[in-house]
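The values are calculated or read from the model by the stated rules, or taken from the named source; none is laboratory data. Just so it is clear, the model here is predicted, and its values are computed rather than measured. Glycine gets a Cβ as well: all are built from the backbone with ideal geometry, and neighbour counts include every protein chain shown. These area figures cover heavy atoms from the full protein model, side chains too; ligands, DNA and RNA do not enter into them. Shrake-Rupley method; radii C 1.70, N 1.55, O 1.52, S 1.80 Å.
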Amino acid sequence: MKHYSTEEWVDFVNHTVTAARQEAMQKHLATGCKGCKATVSLWQKVSKTAAAEANYQPPADTVRLAKAAYLTTRLNTPQKQSRSLVEVLFDSFLQPATAGARSIVIGTRQMLYRAGPYQIDIQIEPKQSTDRLIITGQLLDLGNPGVLGSDIQVTISNQRGNSVVATTNQFGEFSGEVENTGDLELTIPGEAEKPIVLSLRNALGELPRGKS
């Protein structure tokens, strides 16, 4: 007795075989071949399910809710993309200090970011005998190798209402100081008028404020 393959039975169910082939396969089923009957039954169920799925229309209320959720997601996307552009390449506070060096470098933090079109080198240190932080840095335009980011306004804030705007010089360098509240935020103009925000909580760790 000749048996047919699964692919042939799929064509049979989908009516894509010739009339003569269809008749021969129908006669084969009439002989009582259980294996082939089971295969045909399975693919007939698949075909019916696919047909029903194609004709399915979700309720209008469900469609409106889905569209509203999608719109909300799109409205939130720019902020998420802005945050995702920021990458920390180096943080001295995450590096183990060598023996005897910890007391020398304590209170100074160096960080290297890749954010938007820039590579940003930042140093944070306390101002001696005061309750303020000194922030210095340098911007390098990654889109133009060898070109330093000059005349760019960098807003330095302690996230408590105290901020200062520093403009980079011809070497891409900037400097400013703010009251040490523990937190720090730098805002730099990015591409397509989207600001790049570097937020750093507890900027100098557990260092007591006003001490070097």
query: Can Ile188 be described as modelled with pLDDT of 90 or more and open to solvent by less than 20 Å² (accessible area, probe 1.4 Å)?
result: yes
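Only one of Thr167, Thr130 is modelled with pLDDT of 90 or more and open to solvent by 20 Å² or more (accessible area, probe 1.4 Å); which? So that I can check it myself, show each step before the final result.
Working: Thr130 fails: modelled with pLDDT of 90 or more.
One residue alone meets the criteria, Thr167.
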task: Inspect all residues belonging to region 73-91 and state whether any of them is over 28 Å from Ile188 (Cβ atoms) and at pLDDT below 70.
output: no
message: Can you tell me which of (1) surrounded by 14 or more Cβ atoms within 10 Å (Cβ to Cβ); (2) among the β-branched types (Val, Ile, Thr); (3) modelled with pLDDT of 90 or more is the one Thr181 doesn't meet?
response: (3)
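Give region 4-45 a look and list any residue that's in contact (Cβ under 8 Å) with a residue 24 or more places away in the chain and of a type in the set (A, V, I, L, M, F, W, C), or say none.
We begin by selecting, within region 4-45, every residue in contact (Cβ under 8 Å) with a residue 24 or more places away in the chain; these are 4, 6, 9-10, 12-14, 28, 31, 33, 35-36, 39-40, 43-44.
Once the filter is applied, which keeps residues that are in contact (Cβ under 8 Å) with a residue 24 or more places away in the chain and of a type in the set (A, V, I, L, M, F, W, C), region 4-45 yields Trp9, Val10, Phe12, Val13, Cys33, Cys36, Val40, Trp43.
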query: Counting only residues that are more than 20 Å from Thr108 (Cβ to Cβ) and either assigned to a strand (DSSP E or B) or β-branched (Val, Ile, Thr) (or both), how many does region 166-194 have?
result: 4
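Do you know which of the residues in region 109-165 that are of a type in the set (Val, Ile, Thr) and not in a strand (DSSP E or B) is farthest from Glu185 (Cα to Cα)?
Of the residues in region 109-165, the ones of a type in the set (Val, Ile, Thr) are 120, 122, 124, 130, 134-136, 147, 152, 154-156, 164-165.
So of that shortlist, the ones also not in a strand (DSSP E or B) come out as 130, 147, 152.
Working: Thr130: 20, Val147: 25, Ile152: 16 Å.
Within region 109-165, the match that is farthest from Glu185 (Cα to Cα) is Val147.
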